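Data block below; observations after.
Taken together, the values in this text are just the output of simple stated rules run on the coordinates, not laboratory data. Since the model is a prediction, treat every value here as computed from it, not as a measurement. Cβ placement follows ideal geometry from the backbone for every residue including glycine, while neighbour counts extend to all protein chains displayed.
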Amino acid sequence: MKRLLPSECPSCASPLVVSSLECTHCGTVINGRYPLPALLRLSSSDQDFIFDFILLGGSLKAMAKQLGNSYPTVRNKLDDIIEHLQSFQNTNP
Amino acid sequence: MNYFQQLTNPFVRYDSKLLLYLGIPAFFIGSILAYWFHARYDGAFDLHFSTGVNLSSAFTDNLIAVFSLGLIFLPAGKFLNKKTRWIDILTVILIARLPLYLITPVNIYDFTIHTTEQVLPLIVNEGPAQFQISKILGLAAIIMITLFFIIWMFILLFQGFKVATNGKGMKLTGVFVIAVFLAEIVSHLLFALITKI
């Protein structure tokens, strides 16, 4: 079962931060406050899009073929993701 | 994607090149239909029936209409999004005009021309007492069919423009409405200019 990393608080929708990291080998636990990288703050479908886009060598044409959508639709999706990432950068530089 | 979505917004799913293979033949077929059914595309979104339509004028009308739409909608698209491609706008225009071409058969055997010529003077001059119900119903059917296809045309144009530009919200709607008015004005100016030549 694919487990999704939540990026927003389910109670107040504020961005979540990582407060604890654990080594699965030796059991070391690190506590702190680490903001999530911008890419991880995207929705699951956006992350999958970025992943596939990179695997296809950054070709929107290939993405369109794979997704069964038109080129403008895929380009628009990428532009929307770019906008989200830029907004994350502006709020949390 | 269901059939309704494919008919009202094929631009999401189908690439511009594929739609162009449909749109360009549709342009020629639409022009031939105009010749057959005595229709004139005398505006960006206009369709009127009149006798004396020849093949050359049918093609010219259609070309002017498409050109006017491109002249306005491409800069409008670029205004919304610099990445807007001319091929996407052209495809949208060609596909959006398909419903308009489908209206032309309502004038089969000059039915619409004859019906309009008979009914309208009666309405204007002699009042309801002289109405022939069959003629009124015929005219009403023509109006309903025409309205349906005109609405479909604008839905296609708007949805296509939205996909081509990635426009959103009030900015998209505002630019679209202004572009529609400007395209209509430009097309009529071009028609006036060309008929004078």
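Overview of values
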{"item": "Gain upon complete extension [A:Ala62, A:Ile82; 0.36 nm per residue less C-alpha separation]", "result": "5.3 nm"}
{"item": "Coarse-grained scattering of the protein assembly as shown at q = 0.14, 0.17 Å⁻¹, given as base-10 log I(q)/I(0) from a Debye sum over alpha-carbon atoms", "result": "-1.07, -1.35"}
{"item": "Computed [θ] at 222 nm, helices only, for chain A once each DSSP H run of length n ≥ 4 contributes -39500 (n - 2.57)", "result": "-14000 deg cm²/dmol"}
{"item": "Between the range B:131-197 and the range A:37-93, the alpha-carbon center distance in angstrom", "result": "35"}
{"item": "Gained length - B:Ser50 relative to B:Val177, 0.36 nm times residue gap less alpha-carbon distance", "result": "42.8 nm"}
{"item": "Distance (nanometres) between label positions extended 7 Å along Cα→Cβ at B:Leu193 and B:Leu20", "result": "2.6"}
{"item": "Around B:Lys162: net Lys/Arg minus Asp/Glu count, Cβ-Cβ under 12 Å", "result": "+1"}
{"item": "Area projected by the alpha carbon convex hull of the range A:1-54, averaged over all directions, nm²", "result": "5.4"}
{"item": "Lysines with Cα under 30 Å of A:Lys61, excluding same-chain neighbours fewer than 8 positions away", "result": "A:Lys2, A:Lys77, B:Lys17, B:Lys78, B:Lys82, B:Lys83, B:Lys162, B:Lys168, B:Lys171"}
{"item": "5 angstrom amide H check on A:Val18, placed H, neighbours 5+ away", "result": "A:Tyr34, A:Leu36"}
{"item": "Options A:Asn76, A:Pro35, A:Cys9, ranked by Cα towards positive dipole end of chain A, top entry (Cβ charges)", "result": "A:Asn76"}
{"item": "Value of [θ]222 nm, deg cm²/dmol, for chain B, DSSP H segments ≥ 4, -39500 (n - 2.57) each, nearest 500", "result": "-24500 deg cm²/dmol"}
{"item": "Under Karplus coefficients 6.51, -1.76 and 1.60, residue-wise ³J(HN,Hα) of the range A:52-65 in Hz, glycine/proline x", "result": "5, 4, 5, 4, 8, x, x, 9, 5, 5, 5, 4, 4, 5"}
